[in-house]
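Just so you know, all these numbers are worked out from the coordinates, no wet-lab data involved. Since we're looking at a predicted model, the values are computed, not measured. Positions of Cβ are generated from backbone atoms using ideal geometry, with glycine treated the same way; all protein chains shown enter the neighbour counts.
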Amino acid sequence: MKVILRSTLLLTTAVLLTTCAIKPKGTFGESPAPLAPDYSKTEDWAALPTKFDPADMTPNGLEDEQASAPVDVFFLHPTIYEGKLGEDQWNGPINDPKLNKRIDESTIQYQASIFNGIGRVYAPRYRQAHIKAYTTTKTASAEKAFDLAYEDVRTAFEYYLAHYNNGRPIVIASHSQGSTHAKRLIKEFFDGTPLQSQLVAAYLVGMPILKDEYDHIPVCETPDQTGCFCTWRTWKFGKEPKKWVSPDVAVTNPLSWTTSAAYVPKAQNKGSVLRDFEKVLPELGDAQIQPDLGILLTHRPKVFASIFLNGNYHIADFNLYYLNVRENVKERVQQYLRNELMLSH
């Protein structure tokens, strides 16, 4: 019972943070920007295949396969600079031990680890924009904060390409603010460029991504399609949002891996991973696309105290469908490798 309660409180606390967070002081530029990362240093990466980090961890019954993985995964974490005491700048530092600990023990362990069954995981630390940058009326400062964060992401990816990739296939994976930057990264580096041939798939989760976001990279329509992107934002049935919704927003159902609006029951959910990282919880969440709004709907997970959730399951976008995502990445990678083998003959 204690574990289930902690799972629910994790979701609830994350939602409340956005309403009581400390705001950035002044306007962008009034205070010096945090120290820029140096991606030649391992400490400026939250995850690297060459060091032990939380992206190497697995729930019971799963294995870390990075040592023999045939592809790379470039993972961009969501906003963890959430306005806690002292977090009052437009961009978070990359050398704050407490902030990095929160990053590593949350998104790197609980999200990036999804991909260690088939890919070598690379996750850069970056000067993430403050969570209030999404809702502030100081839009010029917010835009500059996001640009600074993307500058780090871009630099990290260029370093990754120059020093780690060696022509290997790439999966891009991201959540929330990470998807804000990953969307831009794919436009710049993959869409209609030679590097597009190395893109297995992208999982751009937690942010609205338009169906026609890219000129040459489509929305994934089938479970084994490659060179495409998947995206979804999870809400509770009956609690649909009124903002940031549109029928032009792409949605992938992470249980069927199609864009069909057909309901998929929780019996097809192979396993969620919530606060108790060691435990995979099967059949916890169902899924149905609401195409008019561009969101994914699920019924309230049957965990203790979940009645207090406000209907926005943003923090659990990946974790409600942990095992389905993990297995789907493998399916797409295997299909990509088959395609490459056929092309080489």
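Could you rank the peptides 174-180, 155-161 by their average count of other C-beta atoms within 10 Å per residue, with the highest value first?
174-180, 155-161
For the charge dipole of the chain, defined by +1 on Lys and Arg C-beta atoms and -1 on Asp and Glu C-beta atoms about the Cα centroid, which residue among SER106, GLY83, VAL325 has the Cα displaced farthest towards the positive pole?
GLY83
Can you give me the P(r) profile for region 134-290? Cα pairs, bins 10 angstrom wide beginning at 0, each as a whole percent.
Bin by bin from 0 Å, the calculated values are 10, 33, 34, 21, 2.
Step through the table entries LYS84/LYS236; LYS101/LYS270; LYS98/LYS132; LYS183/LYS239, compare each Cα-Cα distance with 22 Å, and write down the pairs that go over it.
LYS84/LYS236; LYS101/LYS270; LYS183/LYS239, as the Cα separations exceed 22 Å there.
About the Cα centre of the chain, how large is the charge dipole given +1 on each Lys and Arg Cβ and -1 on each Asp and Glu Cβ? Please answer in debye to the nearest 20.
1060 debye
For ARG338 and ARG154 in one chain, what is 0.36 nm times their gap in residues minus the Cα-Cα distance, to one decimal in nm?
So the chain would gain 63.2 nm between ARG338 and ARG154.
Once both labels are modelled 7 Å past Cα along the beta-carbon direction, what's the LYS279-ASN95 spacing in nm?
Label-label distance for LYS279 and ASN95, simple model: 4.1 nm.
What residue among HIS175, GLN288, CYS230 has its Cα farthest toward the positive end of the dipole of the chain, where the charges are +1 on Lys, Arg and -1 on Asp, Glu, each on the Cβ?
GLN288
What does the charge add up to near LEU296, with Lys and Arg as +1, Asp and Glu as -1, over the other residues with Cβ less than 11 Å from its Cβ?
The answer is -1.
Given contacts defined as C-alpha pairs under 8 Å and at least six residues apart, what's the relative contact order of the chain, whole-number percent?
Once divided by the residue count of the chain, the mean separation gives 18 percent.
Could you work out how much longer the chain between LEU210 and SER31 gets when fully extended? Use 0.36 nm per residue separation minus the Cα distance between them, nm to one decimal.
61.0 nm
Hull surface divided by four, with the convex hull built on the Cα atoms of region 2-344: how many nm²?
Its average projected convex-hull area is 16.5 nm².
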